[in-house]
Each structure stands twice: as C-alpha cells, then as structure tokens.
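Trainee: Pasting a structure here, questions to come.
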Amino acid sequence: MEALIAENQKPALVFICQRLPYAPVTGELITTFNMVRHLARDYRVFVGTFIDDPADRVHVAELEKMVTGLHVSTRIRPWPWIRALPFWLAGQPISFALFKSRSLERWLDAVESNHRPVAVVTHSSNVSTYAVDGFRRTHNAGPKRVLHFADVDSEKFVAYAERARGLMKWIVRAEARRVRQQEFRLTSRADAVAFVSDDEANLFRSLLHSHQERVVTLPNGVDTELFDPGRSFDAPFRCNGHAFVFTGAMDYRPNIEAVKWFAREVFPGVKKALPNAQFLIVGSKPGAEVRRLGDDPSVVVTGRVESVAAYVAHAQVAVAPLLIARGIQNKVLEAMSMAKPQVVSPGALAGIDAVPGTHLVCAKTPQEWVKACVELSLDPVRGTAMGRAARQLVLERYSWPAQLERLDQLLNRP
C-alpha cells in the first residue's frame, strides 16, 4: 500500500516516440527504451507511440509493466501513406504527416485533463508536433517541453537529395525544406531541443536565427551489462571463417546504403584475401534490395534476431560503413562495449570520442576498408588490445545512467 501511495505521488510525464520502445534491439529502440526506463524512476510515465509491424504487438504487455499509461497507434502500409497525402499536398513534410493519429491526439487530451503532466518529452522531430501543438500552455503554466530531435533530420534529407535523380530529387529537396521549417517552428515553442552529439547541436545552432540557447546535447549511451564481452553467448550462426558483422534496423536508408556499399565495394576484396569470410547483416525488416545481397552464400541476412550481442560476440570484426550518418551511432558504441575490433567510416565515428588506431580503425576508400578488415582479422593480438581500450572508454563515458543525468537536469532546470 505504501509503495502504491508513493507511486501515485509521483508527477506525471508524457513520452512520445515514433516506434514502440521495446524490445531494445536496434539503435532508436535502445535509446527510447532506456529513456522510458530512466524516467519511470521519478515520474508516472504515459507513453504515446506507434507500431508499423504487427509482430511488435507481442512486446506491448512488457512495456505496459514499465509505465503508468500506454497508447499505441497502428501504422500498417499503405494506410499511413494514404492518410498522409492530403497533409503533404498542403505543404507538410511527408515524414511528419505519416505520424498523424487522431486516436493519439484524443488520448493525449485525456492524459492532460486527468493527470496534468509536468513535462512532455519526445524522441524524433516528426512526433514532436504533439508536444507543442497538443498541450495547452500559458506564460506561467503548462508542461515543460523537452524535444529530443536526436539528429538534424533536414540535413539528412539534404544528403539524400544529393544522391537522388529526377523527380525523386525534387521531392526529397522539398522534404528537406519542409522539415527544416518544422524544426525551426518546434524549437521556437520548446523549452529545450536535444541532439545526440555536440556536432549535431552546433550544426543546428548554425542554422537557427534565434533560440540557439535552447539547443543542448543529450548523447546516446550503451547498456554495458547487456553488451558485455564477459557474458557467455551461444553461437547464433555457423562460422566457417572470418565473420564481419553489421547491426542496425534494415528498413533505415543509411543502413541499407551502408551494407550495399560494403557488400559490393569492400567484401569482394576481403574474400579474395580470406576466401571463407562471411558478412553478417543483422537487423529487422530487411527489404528486397538487402535480402538480395543474401544470394551470395557468404552473405547472411538475418532479419529480426533475439540477441544482437550474440552476433557481435561471435564475429571477428564489426563494421559500420555508413555513407550517410547523423548523430552518434549506437552500433559503434555497442561493438566497443563488446570489446570487438571495429572498422568504421568517418561519418559513423562522428560524436564518439574514440581515437582511430587506439579504439578502432577509421577507413575511407574501399582499398582502406579491405586492408583494415583483413589486417584486424589476421592479427587477434592487435584486435584484442583495441577492443579492451574501446570497452574501457565506453565504461568511462557512455553508460546510460551517466548520459541520462543530463535529461534530469533539463527537466529540473527553471
């Protein structure tokens, strides 16, 4: 009874994110899961979120145990695109319009009326409109609004546009422009806007004409107990030689481009030096272009897996060949936490205080990538030393409790 009374005395807080923050198996879900778990210590947390894969419904019950209230809107293709079309024609970004939900709006209205939340925290700019448009606020009252954009999404679309052609180039340029307009508008109505690295935060400040003081850094962390090389993991794949592993959500365009580039530009050279080499693409929702990479018997496309850490543990080298990268890459931190030797692109290293040559290897050209992958595979002494240094760096600077203390500071500051 005393525990129940204490729980009811906690202030209410609303957390809004674009995907169900459970199970924590990919970068975005790892971040939102840890944010929710951390916030639930001091608040009655009400989570509004979305599901775009019916298989994720099995996780709803587990998340309900962690929070006080939960609303899940469904986004199953093609209906979100059909509903989003009028908003896009009216000038809104399609990446925002895809997350329009009347049921979520009604639920948020009920939470506001019945529980008077002291704060609204979001993850991702495209759902942050709910925080600034859906909660009544006067000059002296109303919930604090902490919007975690994570990355400067408008810049991501700028990068996409540079690689696009024809009509798609025009569409993506328009999306970049519209997203930037929304980023500016949301910032003007927020108490704080957070990014996962100082580089992203400084970039966004340079784009703003006002409210630069509201931009802060809230870095990603890593679960050092889950991604612990001291744990025993059953081998999740048959290792016939040197295994190179990439992890991440495989419906995310930068990850798709990364594995396609590695498979076509780097892996043939690796196999020439290491004929039994394997390339493991570990992540949920691989589309047709990723699955086709698995036509090569030395390339394994797993889809959703029970333990990402197990694949990292049993690979020889982790790779993060991201051509388009924004913010801090969880996949890089997780491999570091597993003390796994790793090769990364310059973009994948952004925002992480790792020293190339000491904690990992940074490669640019396909030739540099092939050389780095082969040498790390054939030199386990060097790989072990590099992995230990990387693990120590993660323990010192990138644990989730240490990183989320900054969120507490944002919520508690006047």
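Trainee: Could you list, in sequence order, the residues of region 40-87 that are touching a residue at least 12 places away in the same chain (Cβ under 8 Å) and acidic (Asp, Glu)?
Mentor: Answer for region 40-87, where residues must be touching a residue at least 12 places away in the same chain (Cβ under 8 Å) and acidic (Asp, Glu): ASP42, ASP52, ASP53, ASP56, GLU62.
Trainee: Would you check if VAL332 is in contact with a His (Cβ under 9 Å, 6 or more places away or on another chain) and closer than 26 Å to ALA390 by Cα?
Mentor: Against the criterion (in contact with a His (Cβ under 9 Å, 6 or more places away or on another chain) and closer than 26 Å to ALA390 by Cα), VAL332 does not qualify.
Trainee: Is it the case that some residue within region 225-233 is closer than 30 Å to HIS123 by Cα and among the hydroxyl-bearing types (Ser, Thr, Tyr)?
Mentor: Within region 225-233 (the criterion being closer than 30 Å to HIS123 by Cα and among the hydroxyl-bearing types (Ser, Thr, Tyr)), the answer is no, since none of the residues qualifies.
Trainee: Here's a follow-up. Taking PHE149 as the residue in question, decide whether it is more than 19 Å from the chain's Cα centre (by Cα), surrounded by 15 or more Cβ atoms within 10 Å (Cβ to Cβ) and hydrophobic (A, V, I, L, M, F, W, C).
Mentor: Spelling it out, it is not the case that PHE149 is more than 19 Å from the chain's Cα centre (by Cα), surrounded by 15 or more Cβ atoms within 10 Å (Cβ to Cβ) and hydrophobic (A, V, I, L, M, F, W, C).
Trainee: Return yes or no: is VAL374 at pLDDT 95 or above, assigned by TED's automatic domain parsing to the domain that holds PRO254 and not in a helix (DSSP H, G or I)?
Mentor: No: the conditions fail for VAL374.
Trainee: May I pose another question? Being part of a helix (DSSP H, G or I), modelled with pLDDT under 95 and farther than 30 Å from ARG145 by Cβ is true for just one of GLU368, GLU396, GLU405. Which residue is that?
Mentor: Only one candidate qualifies: GLU396.
Trainee: While we're on this one: Mind listing just one residue for me: the one in region 22-51 that is of a type in the set (Gly, Ala, Ser) and at pLDDT 95 or above and, of those, nearest to GLY69 (Cα to Cα)?
Mentor: Once the filter is applied, the top-ranked residue is GLY48.
Trainee: Would you confirm, using the coordinates I've provided, whether PHE87 is over 20 Å from TYR252 (Cα atoms), out of contact with any strand residue (DSSP E or B) (no Cβ under 9 Å at 6 or more places or on another chain) and either at pLDDT below 95 or not polar (S, T, N, Q) (or both)?
Mentor: In short, yes.
Trainee: State whether the residues of region 230-253 include one that is outside the structural domain of GLY383 (by TED's automatic domain parsing), without any contact (Cβ under 8 Å) to a residue 24 or more places away in the chain and within 20 Å of ALA390 (Cβ to Cβ).
Mentor: Among the residues of region 230-253, at least one is outside the structural domain of GLY383 (by TED's automatic domain parsing), without any contact (Cβ under 8 Å) to a residue 24 or more places away in the chain and within 20 Å of ALA390 (Cβ to Cβ), which makes the answer yes.
Trainee: Out of everything in region 226-261 that is of a type in the set (A, V, I, L, M, F, W, C) and in contact with an Asp or Glu (Cβ under 8 Å, 6 or more places away or on another chain), what residue ends up being farthest from VAL332 (Cα to Cα)?
Mentor: If we take residues in region 226-261 being of a type in the set (A, V, I, L, M, F, W, C) and in contact with an Asp or Glu (Cβ under 8 Å, 6 or more places away or on another chain), then ILE256 is farthest from VAL332 (Cα to Cα).
Trainee: Every residue in region 166-209 that is acidic (Asp, Glu) and surrounded by 21 or more Cβ atoms within 10 Å (Cβ to Cβ), please.
Mentor: GLU175, GLU183, GLU200 - these are the residues of region 166-209 that are acidic (Asp, Glu) and surrounded by 21 or more Cβ atoms within 10 Å (Cβ to Cβ).
Trainee: Another question, if that's okay. Counting just the residues of region 210-225 that are in contact (Cβ under 8 Å) with a residue 12 or more places away in the chain and surrounded by fewer than 16 Cβ atoms within 10 Å (Cβ to Cβ), which one comes out nearest to GLN329 (Cα to Cα)?
Mentor: Applying the filter and picking the extreme gives HIS211.
Trainee: Something else about it: Tell me, which helices (runs of 4 or more DSSP H) lie completely within region 290-361 with 2 or more residues that are in the same structural domain as THR384 (by TED's automatic domain parsing), surrounded by fewer than 23 Cβ atoms within 10 Å (Cβ to Cβ) and in contact with a Phe, Trp or Tyr (Cβ under 7 Å, 6 or more places away or on another chain)?
Mentor: Counting at least 2 such residues, we get 308-314.
Trainee: Please go through (1) within 25 Å of the chain's Cα centre (by Cα); (2) closer than 27 Å to ARG231 by Cβ for GLY287 and return the number of the only condition it doesn't satisfy.
Mentor: (2)
Trainee: I need the full set of residues from region 227-244 which are among the hydrophobic types (A, V, I, L, M, F, W, C) and assigned to a loop (DSSP other than H, G, I, E, B), in order please.
Mentor: Correct list: PHE227, PHE233, ALA235, PHE237, CYS239.
Trainee: Name the one entry in ALA84, ALA55, ALA97, ALA12 that is among the small types (Gly, Ala, Ser), surrounded by 19 or more Cβ atoms within 10 Å (Cβ to Cβ) and over 28 Å from VAL179 (Cα atoms).
Mentor: After applying the criteria, what remains is ALA12.
Trainee: Would you check if there is a residue in region 20-27 being part of a loop (DSSP other than H, G, I, E, B), within 17 Å of the chain's Cα centre (by Cα) and among the polar types (S, T, N, Q)?
Mentor: Checking region 20-27: at least one residue is part of a loop (DSSP other than H, G, I, E, B), within 17 Å of the chain's Cα centre (by Cα) and among the polar types (S, T, N, Q).
Trainee: Follow-up question, since we're still on this one. Within the group VAL216, VAL172, which residue is β-branched (Val, Ile, Thr) and modelled with pLDDT of 95 or more?
Mentor: Step by step, each of VAL216, VAL172 is checked, and only VAL216 is β-branched (Val, Ile, Thr) and modelled with pLDDT of 95 or more.
A quick yes/no check of all residues on (1) in contact with a strand residue (DSSP E or B) (Cβ under 9 Å, 6 or more places away or on another chain); (2) not small (Gly, Ala, Ser):
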residue	(1), (2)
ALA350	no, no
SER377	yes, no
THR384	no, yes
GLU405	no, yes
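Trainee: With surrounded by 20 or more Cβ atoms within 10 Å (Cβ to Cβ), farther than 14 Å from GLN182 by Cα and of a type in the set (Ser, Thr, Tyr) as the only criterion, which of THR122, THR129 stands out?
Mentor: THR122
The values are calculated or read from the model by the stated rules, or taken from the named source; none is laboratory data. Given the structure is predicted, the values throughout are model-derived calculations rather than measurements. Note that we place each Cβ from the backbone using ideal geometry, even for glycine, and neighbour counts take in every protein chain shown.
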